[in-house]
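Enquirer: The structure that follows is given in the form of structure tokens.
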Amino acid sequence: MLDNHIRLRHLADRRDERLSPLRAAEVENHLATGCAACTEAASRLDGALLAIAEGALPEPPRAVVRPPGR
């Protein structure tokens, strides 16, 4: 943990169940405090990994894609 927040790599390791028992307890205890920043980071990570697991993402709308070289 850094500055009282959980590092992204620890959130990823938590999801993959690769944390040591001590680190896992620290992470779970911190999330149990209701830290909004870390809860949001964990949720975003879970969402991103779920999207990747589901396969190819749809193409973005042309209106939001910049032409190459701009």
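Enquirer: I'd like to know which of Ile6, Val65, Leu31 lies farthest towards the positive end of the charge dipole of the chain, counting +1 on Cβ of Lys and Arg and -1 on Cβ of Asp and Glu.
Expert: Val65
Enquirer: Under the Karplus relation 6.51 cos²θ - 1.76 cosθ + 1.60, θ = phi - 60°, what is the ordered set of whole-Hz ³J(HN,Hα) values for the stretch 5-10, x standing for Gly and Pro?
Expert: Once rounded to whole Hz, the list reads 10, 7, 5, 4, 5, 6.
Enquirer: Please report, as a whole percent, how much of the solvent-accessible surface of the stretch 14-70 comes from carbon and sulfur atoms (probe radius 1.4 Å).
Expert: Summing carbon and sulfur atoms, their accessible area is 56 percent of the total for the stretch 14-70.
Enquirer: Right, something else. May I ask you to evaluate 6.51 cos²θ - 1.76 cosθ + 1.60, the Karplus curve with θ = phi - 60°, for each residue of the stretch 38-46 and list the ³J(HN,Hα) values in order in whole Hz, giving x for glycine and proline?
Expert: Along the stretch 38-46, the couplings run 6, 5, 5, 4, 5, 5, 5, 4, 4 Hz.
Enquirer: Would you mind getting the accessible area per residue of the chain, heavy atoms of the protein chains only, 1.4 Å probe, in Å²?
Expert: Here the residues of the chain average 82 Å² of exposed surface.
Enquirer: Here is a follow-up. Enumerate the calculated ³J(HN,Hα) couplings along the stretch 55-60 in order (Karplus 6.51 cos²θ - 1.76 cosθ + 1.60, θ = phi - 60°), each rounded to whole Hz, writing x wherever the residue is Gly or Pro.
Expert: Karplus-based 3J(HN,Hα) across the stretch 55-60 equals x, 4, 8, x, 5, x Hz.
Enquirer: While we're on this one: Given q = 0.16, 0.19, 0.23 Å⁻¹, what are the Debye log10 I(q)/I(0) values for the chain, with equal point scatterers placed on the Cα positions and solvent ignored?
Expert: -0.65, -0.78, -0.97
The values are calculated or read from the model by the stated rules, or taken from the named source; none is laboratory data. Bear in mind the structure is a predicted one, so any value in this text is a computation, not a measurement. Here the Cβ is made from the backbone with ideal geometry for all residues, glycine too, and neighbour counts use every protein chain on show. The area values use the complete protein model at the heavy-atom level, side chains included, leaving out ligands, DNA and RNA. Shrake-Rupley method; radii C 1.70, N 1.55, O 1.52, S 1.80 Å.
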